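Structure, as structure tokens:
The values are calculated or read from the model by the stated rules, or taken from the named source; none is laboratory data. Computed from a predicted structure; not experimentally measured. Don't worry about glycine lacking a Cβ; one is built from the backbone with ideal geometry, like all the others, and counts go over all protein chains shown.
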Amino acid sequence: MIDLRLLREDPDRVRASQRARGEDVALVDALLSADERRRSSGVRFDELRAEQKQLGKLIPKAGAEEKAELLGRAEQLKADVKAAEAERDAADAETQELLLKLGNLVHPDVPVGGEEDFATLETHGTIRDFGAEGFEPKDHLELGQLLGAIDVERGAKVSGSRFYFLTGVGALLELALVNAAIAQATAAGFTPMLTPALVRPQSMAGTGFLGQAAQDVYHLDKDDLYLVGTSEVPLAAYHMDEIIDADRLPLRYAGFSPCFRREAGSHGKDTRGIFRVHQFDKVEMFSYVAPEDSQAEHQRLLEWEKQWLTSLELPFRVIDVASGDLGSSAARKFDCEAWIPTQGKYRELTSTSDCTEFQARRLSIRVRDGKQVKPLATLNGTLCAVPRTIVAILENHQQADGSVRVPEVLRPYLGGREVLEPVAK
């Protein structure tokens, strides 16, 4: 959530952010009104309580006639205090409810607009000319079936659409990717973490995933637990309700977990293969830093993502995501999109978001710097979303005979294999 003091001091900035997101600007004025009622009713409650306490001291000392009058006043004050408390609590609850609906403040450099209004910042690698090489590229599913690596038919039989099995070299390729990604993150100073896949509501809400993203979240009603769509959630909640000493920052974690997403808004999109699925594994980077360091850390996370994709020898571009396509927690987000040959376009493989103090305020995570205690900043960055990365590797490194060249960085994790060969039928 944002700082209420900032809202009071510069409401136009918050209105502009809401407008850039394509969100309800009227929410700002409703929140200002609720906050004013919360503060004024709180002052009235405090004044009445102070008068009540003072009256309590006078009654024992009063004469009979005065005591009767004071007792009458005390009875009225009791009712007034109760009413003021109820008014204060109701206004506070309304303020908190509205505050949780408000997205993070959009960074001023973010391009304004919808999904297609991003700005391209960089382009890396060379897109292969398969025509010049003399063959038509196969898509990842055809390649995966030739290699005995992907089985979507049995995935659908067992679990329904958008589920799959990784088999044989497909399973080995996932394990190689995960181990290589964790190795890179560990070398960069991240602490490896295996995180829970089920979290409590406060963890999911605290990271901002029960707002605009709620339709994509799986909820277990009987247990009131949520399946995470990213290990960002448990990694953000890891220090929930804690105060961290400033000299411990930055704290950097690399989480590996299964991820679950309903993909509720993606009917008819990417239905072939394993690009958009309900369950997948992912390695996620997560940082806790001082607020003044968040923009520099955001650039560092992006550099680590670029290092990873470059090591996989994939052509990719970096985009500055437009304001209307940001998640509610992100002030700014960079995506790295790899070229997918059979689609003829770049598709998102990794993403990194600067969430500033937004999640920390919701999760009550603070930093102690000398005598000052204040919210810190959190950032997240995908290092390896496994299925999409497999898609990009298979399509970009395929050869005319249906085999796939293994990037050098993965070979030590695949027993030295340089090529994945089609299996005999």
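Annotations for the structure displayed:
- Exclusive hit being assigned by TED's automatic domain parsing to the domain that holds residue 294 and within 26 Å of residue 210 (Cα to Cα), set 378, 389: 378
Here's the yes/no breakdown for (1) under 17 Å from residue 189 (Cα atoms); (2) out of contact with any helix residue (DSSP H, G or I) (no Cβ under 8 Å at 6 or more places or on another chain):
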position: 231; (1), (2): no, yes
position: 239; (1), (2): no, no
position: 256; (1), (2): yes, no
position: 286; (1), (2): yes, no
position: 298; (1), (2): yes, yes
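- Comparison of 187, 214, 171 shows that the only residue that is without any contact (Cβ under 8 Å) to a residue 24 or more places away in the chain and closer than 29 Å to residue 248 by Cβ is 187.
- Cβ pairs under 7 Å, 6+ apart, first in the range 382-401 and over 21 Å from residue 253 (Cα atoms), second surrounded by fewer than 22 Cβ atoms within 10 Å (Cβ to Cβ) and among the hydroxyl-bearing types (Ser, Thr, Tyr): 395/342
- Evaluating residue 226 against the criteria (1) more than 13 Å from the chain's Cα centre (by Cα); (2) surrounded by 18 or more Cβ atoms within 10 Å (Cβ to Cβ); (3) part of a loop (DSSP other than H, G, I, E, B) leaves one unmet condition, (3).
- Options 103, 125: the member that is at pLDDT below 95, of a type outside the set (A, V, I, L, M, F, W, C) and under 22 Å from residue 321 (Cβ atoms): 103
- Checklist (1) more than 25 Å from residue 162 (Cβ to Cβ); (2) part of a loop (DSSP other than H, G, I, E, B); (3) touching a strand residue (DSSP E or B) at 6+ places or on another chain (Cβ under 6 Å) applied to residue 313, failing item: (3)
Rundown of residues vs (1) closer than 30 Å to residue 145 by Cα; (2) in contact (Cβ under 8 Å) with a residue 60 or more places away in the chain, yes/no style:
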| residue | (1), (2) |
| --- | --- |
| 205 | no, yes |
| 228 | yes, no |
| 250 | no, no |
| 256 | yes, yes |
| 308 | yes, yes |
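- Cross-chain or 6+ apart pairs with Cβ under 7 Å, the range 269-295 first and within 24 Å of residue 342 (Cα to Cα), then assigned to a helix (DSSP H, G or I) and among the acidic types (Asp, Glu): 281/174
- Enumeration of residues in the range 309-335 that are among the basic types (Lys, Arg) and surrounded by fewer than 20 Cβ atoms within 10 Å (Cβ to Cβ): 317
- Condition check for residue 349: modelled with pLDDT of 95 or more, under 19 Å from residue 179 (Cβ atoms), touching a Lys or Arg at 6+ places or on another chain (Cβ under 6 Å) and in a strand (DSSP E or B): yes
- Members of the range 117-141 that are free of Cβ contacts under 8 Å to residues at least 12 places away in the same chain and either in contact with a Phe, Trp or Tyr (Cβ under 8 Å, 6 or more places away or on another chain) or of a type in the set (D, E, K, R) (or both): 129, 136
- Residues of the range 119-134 include none that is closer than 24 Å to residue 284 by Cβ, part of a helix (DSSP H, G or I) and either within 31 Å of the chain's Cα centre (by Cα) or β-branched (Val, Ile, Thr) (or both).
- Residue ID - surrounded by the most Cβ atoms within 10 Å (Cβ to Cβ), chosen from residues in the range 112-141 that are small (Gly, Ala, Ser) and more than 14 Å from residue 346 (Cα to Cα): 113
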